[in-house]
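Below is one structure; the comments refer to it alone.
The values are calculated or read from the model by the stated rules, or taken from the named source; none is laboratory data. All values derive from a computational prediction rather than experimental measurement. All Cβ positions, glycine included, derive from the backbone under ideal geometry; neighbour counts span all protein chains shown. Just so you know, the surface numbers come from the protein's heavy atoms only, side chains and all, with ligands and any DNA or RNA stripped out. Shrake-Rupley method; radii C 1.70, N 1.55, O 1.52, S 1.80 Å.
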Amino acid sequence: MKLIVAVVHNEDAGVLVDALLEREFRATRLHSSGGFLKQSNATILIGVDEAQVDDVMSIIRANCKARTQVVNPMPPIMEPGEFFMPYPLEVEVGGATVFTLPVERFERL
Ligand code: 2BA
């Protein structure tokens, strides 16, 4: 068995969980936030047989889109007389960041 951990955009999470449930995959949605942008995203946990990992990956690919986000960089600590022009930075946030982990033991009690 494998545990798929997918970090996705909040806006894609609902559709993704619905698509997984439609194909009878069980999923858990956790509220999370990115370390870099500090914006809210969603982490979806999906426990599946190894043979189903590719099916789940296809569902994630079909339902999660990459987006461009604009970030305003934090001003650095400056000496008197120095000047900082805060240019907004464009960052592409991927459709999904997916980790697939081996599961040592799984029980539903
Ligand atoms: P964030 O950490 O908020 O990162 C959002 C996007 O900012 C990233 O998109 C990437 O394009 C950019 N970014 C992140 N760290 C950066 C850095 N040190 N310098 C420059 N740009 C940086 P993604 O790579 O698609 O990641 C989307 C979200 O997935 C991340 O949100 C984080 O929540 C999660 N994630 C990505 N890689 C991860 C990893 N190795 N471990 C755990 N979570 C990860």
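When the chain is treated as a Gaussian network with alpha carbon springs shorter than 10 Å, the biggest mean-square fluctuation among Gly95, Gly34, Gly47 belongs to Gly34.
The long axis of helix 10-22 is offset from the longest Cα principal axis of the chain by roughly 10 degrees. The listed residues Glu90, Glu82, once ranked by accessible area (1.4 Å probe) with the largest placed first, stand as Glu90, Glu82. Placing unit charges on each Cβ (+1 for Lys and Arg, -1 for Asp and Glu) gives region 57-109 a dipole about its Cα centre, and among Phe83, Leu109, Gly94 the Cα reaching farthest toward its positive end belongs to Leu109. For the chain, relative contact order (Cα pairs under 8 Å, six or more residues apart, normalised by length) works out to 37 percent. Of Phe84, Phe25, Phe36, the order by accessible heavy-atom surface (1.4 Å probe, DNA, RNA and ligands excluded), from most exposed downward, is Phe36, Phe84, Phe25. Rolling a 1.4 Å probe over the protein heavy atoms gives the chain an accessible area of 73 Å² per residue. Rounded to two decimals, the Cα radius of gyration of region 57-109 over 2.2 N^0.38 Å is 2.08. Taken about its Cα centre, the chain carries a charge dipole of about 200 debye when Lys and Arg each add +1 at the Cβ and Asp and Glu each add -1 at the Cβ.
Note on region 15-109: Kirkwood hydrodynamic radius from all Cα pairs is 16.5 Å, rounded to one decimal.
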